[in-house]
Each structure stands twice: as C-alpha cells, then as structure tokens.
1. For a 21 Å ceiling on Cα separation, which of these pairs sit above it: 288/394; 114/164; 90/288; 288/369?
2. Once you place label points 7 Å from the Cα toward the Cβ at residue 142 and residue 57, how far apart are they in nm?
3. Can you work out the Karplus-derived ³J(HN,Hα) for every residue in the range 264-269? Use 6.51 cos²θ - 1.76 cosθ + 1.60 with θ = phi - 60°, whole Hz, and x for glycine or proline.
Amino acid sequence: MKAAGRRIYLVLGKAPYFLRAKNIRKYQPPIVLDRINTFFAEYQSKYILMQHKADFRDHGLDLLRFTALTLMVFAHYPLASDTAFISQVKFIADSAPALFYFAFGMTFKHFARKSKIVQTRILFVFLVIALLHNLTFTGHFVHYEFFFFLWFSQLVMMLVSSTKKPVLVCQGFIMIIIVLWLILPDGFTSNTFKVIARGNFPFLPWLIFVCAGYVFNNSNSKSWSLPFVLILAAIILFRTDVPHFSIRKYPLSISYFFLFCGITMTLYRVGTMATVLSQNRMVVYISKNLLLATILHYLTFTVYNVIRHSARSLLRFDLASIHKNVAILLAPTLCLIILIVLIAAVRYFWRFFDTTPVLDKWILPHTGKMSVAIMAVCTLLTGISAKLPDALLKLCLFLGMIFLAMLLRKVRSAQKMDLDFFMTA
C-alpha cells in the first residue's frame, strides 16, 4: 500500500503535458482547472500526512502491546491446571505484566517531552481510573494492582525524567535491585514492601521492568546480543537448582526478570523487522486503543459465557466438549475477538456523544472536576453496595472507567498527546 501510494504520487508529480496546470487552460474552462488543482493539492497533503503517521509509529512497540494484552486475556481466562500443556500456557500467559511494564517504560522518553501541566492532567485522570479499578476488584483505594502500579510508576518516572541524567538513575536502580536479590533472603524485597501497601505488584521490585524498558528505549544499541545474554543468564541461574534463583513470578526473582526482559527485547526486535506482522490491522488497532482494551477485557469473559450458554441451549454444542488442550486455546482467542467487537462498539457509540457541544464546552475544560465527580458517585455506590446487586455495582464502575478512558483519549487528541503508552492516535 505504501509503495503503491508512492508510485501514484510520483506519477502525479510527473504528469503528462496536457495535465500540467499551465497547459490545462488551453483545453479546460477555469472552474475545471480550479477543481483539478484542488484535488492534486488535497491528495498530496493527505499522502504526506499518511506517510508521516506510518513512519511515526513504533511497530515494535505495537507488537509488544498487542502481545501483552493477548497474554492478559489468556491469563485472566479461568484455566484448570490439570495437564502439563495447560500449565505451560498459564506460565506464558502470566508473563503479561512483565511485557506491559517493560513497554510502559519504553514510552517515558516521549512522556517526558510533554509540559508539566499536560503530564499532571494525564496523571490525575489515570489515577481516578486506577482507583476505580481497585474499588471494583479489591474494595480498597490503595492497592498495588495493575492500574495503580502503572499510575505510581508513571508518577515516579515523571520525577526521574526531570533529573539531569534519568537513564543513569534507572541503571543505578536496576543494579541496586539485582544486588539486593543476590544478598538478601528470598522474597525479602517484595514481602517488605507488601507490609507498606498490599497488592500483587509491589512497587519494589516490579519497578525494575519499567526502568529496564526506559533504559532500553534510550539506548543507541538494540542488537540481538543483549537479549540473548539475559535469556542465557536466566537459564544458567535456573539450572543451579538454588531456590533463590528459580524462575518465579511471585515473589519476583532475578531469573524471571532476566528471562522476560530478554524475551521482550527479542519480541521488540522482531516487531521492528517483521513489519508484515507488526503492521497488521488488528495489532495496530489494539495498540491504538490499549487503555480501553485493558478495561474492556474483563467484560469479554461475561459476554463469552453468555454466548457459550446460548450455544449450548440452542445448538446443543458446548466448547468444553472439544479436547481440553484445543479448547484452552480456542476460548481465549474467541474472547480476544469479542474484545475487538466491544472496542468498536464503544467507539461507535462515543461518536454520537463526541459530536455534541456538551463534550467540548462543558466536559473537556473541566476534566479534573468531571473525574472527581465520577469518583464520588462510584464511591457512594460502593458505600451503599449492600442495597445494590453486585452486577449492577460493577457495571456502574466499569462504565465510569470506560467514560474516563474515552475522555482521556479525547484530551490526548485535543492536546496532541498521542506519544505515550496508551497511544490513541
């Protein structure tokens, strides 16, 4: 497509004699001449804009984000670990946070270029989304789950990026965590931080993935040697049969960090080289709508179960009747397809709201107040949750998160803030 557009542009640039502007006057009236000139000017400007956007996208990062979200769908689908194959699938799917956090760190180079006002605005709206997420799944505001960890990492990295040598600071942090892993008792760092704040992703040591992504994106060399060395180091440490060096997610081990840092770097390199894969429309679509997709992926399992029960009652067919190793791959894949449909549906209905003057005149200028109002309403609903059905309460919380995600997308579009992790350009 890119090559075809370039050929058309060259042909139009070298038009035959009778199509050139100075010679059209001999054959056409002035109104036709104006229309032809307008068409050529519009086509040229649109082609240059499309070419700029295509060159602007980091296709390796697109593939990373798509892979991370796909693994998250597989990880959150209820799997019964009763076979070796299912256990292996679950181990791979559980690596989704490592890929997410590494890719998240890669975007701070662009995030740091924004003004402090814009950064603060993003942080505030994202904080409300993270609090609603905690409220939905844990019932507590401060809980280091997925979104809250991302928000806190973004806050810390914003402070780090304001220093004179942020890359050196991140490199020093990585070395300190590795030394602590080697000299302290197994799981000491994670367990110590869990005393301060609860959650599956304690800020220390999980921040090491974010720092590694930041350092990797700011390094000039993105060769194959570094990921190969990291994967090899993880295998060597694992083969020592020392429990301290086992490849373990909870609590996070040094071998797990080395292994999935190496795999993530390799996947990024594959995405930058295999553009046929990374420029796939579904990959780019998920990457552009990553925040919305991350919120909606929780709802895909409910929709999938409704479809499954309907098919079982109407068609006398149940997916569970298929071989379990096949079903365990097919069911999350169907959930991923449902997720894409849900994203398209939300964006379709958002267009009707987007065209109204209420959004531009009343909501966008008061994004912070709107976020606080949504947070207050959701907190009130949680306080009277005993009088509300659980499904209705969670639906309200999800609607609040979806609205804020689309509002943040609108804010980024208005502020030209399409360079960060949840890229929506």
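Each reported figure results from applying straightforward, stated rules to the coordinates on display, with no laboratory input. All values reported here derive from a predicted model rather than from experimental measurement. Using ideal geometry, Cβ is built from the backbone for each residue, glycine included, and neighbour counts are taken over all protein chains shown.
1. Violating the 21 Å limit, Cα to Cα: 288/394; 90/288; 288/369.
2. 4.1 nm
3. 5, 4, 5, 5, 5, 5
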